[in-house]
Amino acid sequence: MSEFKDKVALITGAKRGIGFETAMRFAKEGIHVVMSGRGQEEISEAFEKVKANYPENKGFAFNCDVTKPSQVEDMINETVKRLGKIDILVNNAAIIHERFNVVDMPERIMQEIYDTNVFGVFYCSKYVGRQMIKQRSGNIINITSWYGKVGQAMFAPYCSTKAALNNFTQSMALEMAPYGVTVNAVAPGWVETEMHWGALQNEAEQNGITFEEIEEMTRNLIPIKKRCTGDDIAAACLYLASKNGQVVTGQAINVNGGLCFN
Ligand SMILES: NC(=O)c1ccc[n+]([C@@H]2O[C@H](COP(=O)([O-])OP(=O)(O)OC[C@H]3O[C@@H](n4cnc5c(N)ncnc54)[C@H](O)[C@@H]3O)[C@@H](O)[C@H]2O)c1
C-alpha cells in the first residue's frame, strides 16, 4: 500500500502544467487532492480529469486567486472542513512575463509578478502553516525555478521572485521545524509546459527564428539534453512528502538536467 494513502494535499495553480501533473501523480499515490486555480469552470474540468482516473480521490476543485488573501483563507477553511487536515501544500501558482531589459520594463510587470509569485505563496503558507502547527505535521513545497538561482537577462522580475522564495523557504523552515513541519522548494529547470513553450515562442519571435530552432538551441544548452516533465517535478514533491523526506527542510532541490548546481 502506498505510504501516501489518505494524505490530503492542496495544490495551487493546478488546472494545467506542473500543478495538474502533480495532482494526477499525487492522486495515483492515494492522496486526496484539492486542486485550486483561477476560474471555477477550468479548475473543475481539470479536477474531473483526475477524478476520472482516480475516483477514490476525495478532494475537490476550488476557485481561488492566490493574490486574494480572503479567497486563500476560504480555500483552506473549506479543505479542513471537508477533509479534516492538510498534509501537503504545493505552492505552484505563478506567472511569467514578457521579455524586457530592466531599463525598459513596464512597472506594472514588477508589481503583478510579486503579487502572484511572492505574495500568493506568503498567503497560502501563512494560513496553511497555522493549520500545520495545530496538526504538528505537514510539508510545504514551493515550486521555484533555476531562474531563482541564476539571473537571466530579460527576466529580472520573475527571477527575483523565485530567488525571494528560495530564501523565504529557509526562513520558514526554521520557524516550522519545532512543529514537525518541513518547508522546501523544488527548483525546476525547463519543463515541458504551456508556460515554457509560450516563453520560447516570444523569444523566437524577438530573435526572428522559428519555434523549432529555439527549442533545439535551448535543449542543447541542457547538459542531459532533455527537458523535465511535470511528472519529474511531482516525483520530487512526493519525495519531500515521504517518510524519508522528513529529515529534509529548508532546501531548494534542483530538478534541472544539470542547468545549474547552486
Ligand atoms: N515550465 C517551466 O519551464 C518552469 C521552470 C521553472 C519553474 N517553473 C514554475 O513551475 C510552476 C508551474 O509552472 P507551469 O510551467 O506549469 O506554468 P503554467 O502557466 O502552465 O501553470 C501555472 C498555473 O498557475 C496559475 N495561476 C497563475 N496566477 C494565479 C493566481 N493568481 N491564482 C491562482 N492560480 C494562478 C495559472 O492559471 C496556471 O494554471 C510555476 O511556479 C513556475 O514558475 C516552471
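A few points about this structure:
- Taken over segment 1-112, the ratio of Cα radius of gyration to 2.2 N^0.38 Å equals 1.19.
- Summed over all non-identical Cα pairs, the Kirkwood treatment of segment 52-94 gives a radius of 11.7 Å.
- Annotation for segment 1-76: GluC sites (Glu not before Pro) lying in DSSP loop with at most 10 further Cβ atoms inside 10 Å of their Cβ are Glu56.
- Spherically averaged projected area in nm², based on the convex hull that wraps the Cα atoms of segment 47-196: 9.8
- Zone of Asn202's modelled label, taken as backbone nitrogen in segment 217-255 under 18 Å from a point 7 Å along Cα→Cβ: 218
- Pairs exceeding a 21 Å alpha-carbon distance, out of Lys126/Lys162; Lys5/Lys51; Lys15/Lys226; Lys5/Lys28: Lys15/Lys226.
- Per residue, the average separation of C-alpha pairs within less than 8 Å and at least 6 apart gives the chain a relative contact order of 19 percent.
- Calculated log₁₀ intensity ratio I(q)/I(0) where the Debye formula runs over C-alpha points of segment 175-262, q = 0.13, 0.22, 0.24 Å⁻¹: -0.54, -1.04, -1.15
- For trypsin sites (Lys or Arg not before Pro), the sites in segment 190-262 that DSSP calls loop and that have at most 14 other Cβ atoms within 10 Å are Lys225, Lys226, Lys243.
- Accessible surface of segment 183-223 [probe 1.4 Å, protein heavy atoms]: carbon and sulfur percent: 49
- Value of relative contact order over segment 117-262, rounded to a whole percent, pairs C-alpha under 8 Å and six or more apart: 29
- The distance linking segment 178-197 with segment 127-173 is 8 Å (Cα centroid to Cα centroid, whole angstrom).
- Span-like helix criteria (full DSSP H runs; alpha carbon extent of at least 15 Å along the helix axis; mean Kyte-Doolittle hydropathy of at least 0.5) are satisfied in the chain by 230-241.
- Kirkwood-type hydrodynamic radius, the chain: 18.6 Å, calculated from all non-identical alpha-carbon pairs.
The values are calculated or read from the model by the stated rules, or taken from the named source; none is laboratory data. Computed from a predicted model, the values in this text were never measured in an experiment. Cβ coordinates were reconstructed from backbone atoms using ideal geometry, including for glycine residues, and neighbour counts include every protein chain displayed. Accessible surface areas use protein heavy atoms only, side chains included; no ligands, DNA or RNA. Shrake-Rupley method; radii C 1.70, N 1.55, O 1.52, S 1.80 Å.
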